[in-house]
Amino acid sequence: RKEVEQDPGPFNVPEGATVAFNCTYSNSASQSFFWYRQDCRKEPKLLMSVYSSGNEDGRFTAQLNRASQYISLLIRDSKLSDSATYLCVVNKRGFTGGGNKLTFGTGTQLKVEL
Amino acid sequence: DGGITQSPKYLFRKEGQNVTLSCEQNLNHDAMYWYRQDPGQGLRLIYYSQIVNDFQKGDIAEGYSVSREKKESFPLTVTSAQKNPTAFYLCASSRTGTPRIQPQHFGDGTRLSIL
């Protein structure tokens, strides 16, 4: 089983739609979770961290379900500019120390259309 | 503006040649990382460094080498031993806070191709 699994998509949605992505992770001891956004041929950029209680940033909502080991990202009122690949990121199992090792999912592609 | 600078943006390597990719950050981050990304694949960790003069192998270190002589700099050398070096190389840095794991921030990458 992969450490982090995502549906590759693409998710083709009309502008203004609400879209949700899920991501599952294999290590129950993982403590930190993030969503990154990556545009075509560009570097990943941090979209938001995911906290246990769930968190919201404008049109974006992230949630964590530890019991089922998945995190989700909800995008409301999607814009053309939201078209990108969304990467699910989980801290790597068993790493200690001050730094961190992260495992990146392969991403879910979103295409927002007129 | 604080950030991570990678250079060059595009690099072409001949067979049997070593090349070095530059990564500089002015975010005052202790930890730095190198990843490669291949089409349709997730990022794979090559090397990482938590502190100056110390670094560890990641998941795919064979054919690569690094140094960390300064906090701001973490250059990656792709040696001739790396048989499939064509990829998008990404450098990242992060703070080293505990207990919360810190997110990583990326440079804009170097695309390496074989001539």
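The values are calculated or read from the model by the stated rules, or taken from the named source; none is laboratory data. As the structure is a computational prediction, the values presented were derived from the model and not from experiment. When we count neighbours, we look across all protein chains shown, and the Cβ atoms used for this are built from the backbone with ideal geometry, even at glycine. Heads up: the accessible areas ignore ligands, DNA and RNA and are worked out on the full protein's heavy atoms, side chains in. Shrake-Rupley method; radii C 1.70, N 1.55, O 1.52, S 1.80 Å.
Distance distribution P(r), chain B, all Cα-Cα pairs, bin width 5 angstrom from 0: 2, 12, 24, 26, 19, 10, 5, 1, 0, 0 percent. With a cut-off of 8 Å between alpha carbons and a minimum separation of six or more residues, what is the relative contact order of chain B in percent? About 34 percent, as a whole number. Across the accessible surface of chain A, with the other protein chains kept in place and a 1.4 Å probe, carbon and sulfur atoms take up 45 percent. Ranked by the mean number of other Cβ atoms within 10 Å per residue, highest first, peptides A:43-49, A:66-72 order as A:43-49, A:66-72.
Split the accessible area of segment B:35-115 by element, probe 1.4 Å, and carbon with sulfur accounts for 47%.
Among the residues of B:51-62, the average count of other protein chain beta-carbon atoms within 10 Å of the residue beta-carbon is 1. According to the Kirkwood relation over distinct C-alpha pairs, the hydrodynamic radius of the protein assembly as shown is 18.2 Å. Mean per-residue shielding of peptide A:43-53 is 3, counting Cβ atoms of other chains within 10 Å of each Cβ. In segment B:82-115, the residues that give up 50 Å² or more of accessible area when the other protein chains are added, compared with the chain on its own (1.4 Å probe), are B:ILE101, B:PRO103, B:GLN104, B:PHE106, B:ARG111. A loss of 30 Å² or more of accessible area (1.4 Å probe, protein heavy atoms, ligands and nucleic acids excluded) relative to the isolated chain is seen in these residues of segment A:18-42: A:SER32, A:PHE34, A:TYR36, A:GLN38, A:ARG41. Restricting the calculation to Cα atoms, segment A:1-71 yields a radius of gyration followed by a Dmax of 13.1, 38 Å.
Think of a 1.4 Å ball rolled over the protein heavy atoms: chain A then has 49 Å² of accessible area per residue. Take the accessible area of A alone and of B alone, subtract that of the pair with a 1.4 Å probe, and the total buried over both chains is about 2000 Å².
With all protein chains kept in place, the per residue accessible area of segment B:8-83 amounts to 51 square angstrom at a probe of 1.4 angstrom. Shielding of peptide B:33-42 by partners, expressed as the average count of other chain Cβ atoms within 10 Å per residue Cβ, is 3.
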